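Down below is the structure, laid out as structure tokens.
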Amino acid sequence: MLITRISGRLEELINEGKVPGLSIAIYKNNSWEWQAGFGYADLQYKTPVQPSQTRFRAASISKPIAACALASMVAEGLINLDASFYDYVPDFPGKKYDFSIRQLASHTAGIRGYSGKEYALNKPYTIRQSLEVFQDDPLLFEPGTQFYYNSYGFVLLSLAMEEASGIPFDVYTREKVLTPLGMTNTIPEQPATTNQQQSTSNSQPTKNNRQATCYTRRASGFREAIKVDNRFKLAGGGYLTTVQDIIRLGQAVLRKNFYPEVMSTFLESQKVNGAKTYYGLGWEVSENARGRPFYGHIGNQVGGYSYFRVFPGTGLIIAALVNCSDPKIKDILDGIAEEFQDYGV
């Protein structure tokens, strides 16, 4: 049986010490095919992973969530994709070239990525305060001429969205995306409180906690990940979520229940010099090794890895979350997606 075989494969990842915990859900042809948890949400307390409840770091799956909020703003006439970023944030330091909202959302604006250990910042920045990290740096290239994936562009995007709507990014996204789509377990990650300082990670290691403890893999095994504060980059990688909620996001887009005319633009690969970038606006838009088109996202950050694929041709949606960084399991998850498309349960 397919599920038995795949379950054994994922159990091996746990037994071989490749991941501490993994949550997976698969939806196909309007039905939940499979949901399962493997390993532990917390190793100390041996807390089991529950697909419906255990929250992991969404990492860059935060970008499709932010993109849906942006699509809502476009539909409401609050923001123009082809308007200059400076139309909404005129006090941002000027650059050699202008750049648009669309270019920020498609990683073609020339904004730089992390330098050094900026991926692990642990400062209580607001979105606007975080600009001090990169606002004085030049663009990497003339906007629209290259593709360069980064998260700082989504920091700028979320700031422009706040200015355009007059509503905090997290509030607007909750009201226009998360609540309407039933993504009630998707929330901004908050840093550890004082009574959590016995933990080196951002999550509290209690057996009843719904947030998975974040780990880093070492030669000697897993250790709790360093503390980070992802609030300023909520749009690019700051949410906590469950696999069930990610599936719900995929359902809404697959069924064309969420601003379909606007979303069709977001799910179209942008082009640079006439060549596809295989990235839309906040969504990866590509095809797998078998030539099957998909959209979704992959994320990797301190203490978390995320995988999300929607295959419109077969109606399959797959989501997986892991509570450690860089587990190197993409090929395994790609294979699982293929098997469910080929054979089903």
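The values are calculated or read from the model by the stated rules, or taken from the named source; none is laboratory data. For clarity, every value in this text was computed on a predicted model and none was experimentally measured. When we count neighbours, we look across all protein chains shown, and the Cβ atoms used for this are built from the backbone with ideal geometry, even at glycine.
Listed here are the residues, each with its yes/no results for (1) within 20 Å of residue 87 (Cα to Cα); (2) in contact with a strand residue (DSSP E or B) (Cβ under 7 Å, 6 or more places away or on another chain); (3) buried (at least 20 other Cβ atoms within 10 Å of the Cβ).
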site: 135; (1), (2), (3): yes, no, no
site: 138; (1), (2), (3): yes, no, no
site: 146; (1), (2), (3): no, yes, no
site: 152; (1), (2), (3): yes, no, yes
site: 160; (1), (2), (3): yes, no, yes
site: 163; (1), (2), (3): yes, no, no
site: 167; (1), (2), (3): yes, no, no
site: 170; (1), (2), (3): no, yes, yes
site: 173; (1), (2), (3): no, no, yes
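Results for (1) modelled with pLDDT of 95 or more; (2) buried (at least 24 other Cβ atoms within 10 Å of the Cβ); (3) over 19 Å from the mean Cα position of the chain (by Cα); (4) closer than 28 Å to residue 7 by Cβ, shown as yes or no for each residue.
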position	(1), (2), (3), (4)
245	yes, yes, no, yes
251	yes, no, no, yes
271	yes, no, yes, no
280	yes, no, no, no
323	yes, yes, no, yes
328	yes, no, no, yes
338	yes, no, yes, yes
345	no, no, yes, yes
Legend entry - Residues of the range 235-269 satisfying the condition of being assigned to a helix (DSSP H, G or I), among the hydrophobic types (A, V, I, L, M, F, W, C) and within 19 Å of residue 73 (Cβ to Cβ): 235, 249, 252, 253, 262, 263, 266
Legend entry - Every residue from the range 110-132 that is at negative phi and surrounded by 18 or more Cβ atoms within 10 Å (Cβ to Cβ): 111, 125, 127, 130, 131
Legend entry - Among the residues listed as 125, 97, the single one being assigned to a loop (DSSP other than H, G, I, E, B), in contact with a Leu (Cβ under 8 Å, 6 or more places away or on another chain) and among the hydroxyl-bearing types (Ser, Thr, Tyr): 97
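Every residue, every condition in (1) in contact with a helix residue (DSSP H, G or I) (Cβ under 7 Å, 6 or more places away or on another chain); (2) closer than 27 Å to residue 225 by Cα; (3) touching a residue at least 60 places away in the same chain (Cβ under 8 Å); (4) of a type outside the set (D, E, K, R), yes or no:
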position	(1), (2), (3), (4)
246	yes, yes, yes, yes
272	no, no, yes, yes
280	yes, no, yes, yes
283	yes, no, yes, yes
301	yes, yes, yes, yes
317	yes, no, yes, yes
320	yes, yes, yes, yes
324	no, yes, yes, yes
Inset, instruction - Could you please find all residues in the range 33-55 being aromatic (Phe, Trp, Tyr), in contact with a helix residue (DSSP H, G or I) (Cβ under 8 Å, 6 or more places away or on another chain) and under 19 Å from residue 303 (Cβ atoms)? - result: 38
Inset, instruction - Test residue 206 against the stated conditions and say whether it is in contact with an Asp or Glu (Cβ under 6 Å, 6 or more places away or on another chain), modelled with pLDDT under 95 and either within 29 Å of residue 126 (Cα to Cα) or in a strand (DSSP E or B) (or both). - result: no
Inset, instruction - Kindly list the number of the only condition in (1) surrounded by 16 or more Cβ atoms within 10 Å (Cβ to Cβ); (2) of a type outside the set (Ser, Thr, Tyr); (3) touching a residue at least 24 places away in the same chain (Cβ under 8 Å); (4) farther than 22 Å from residue 234 by Cα that fails for residue 29. - result: (1)
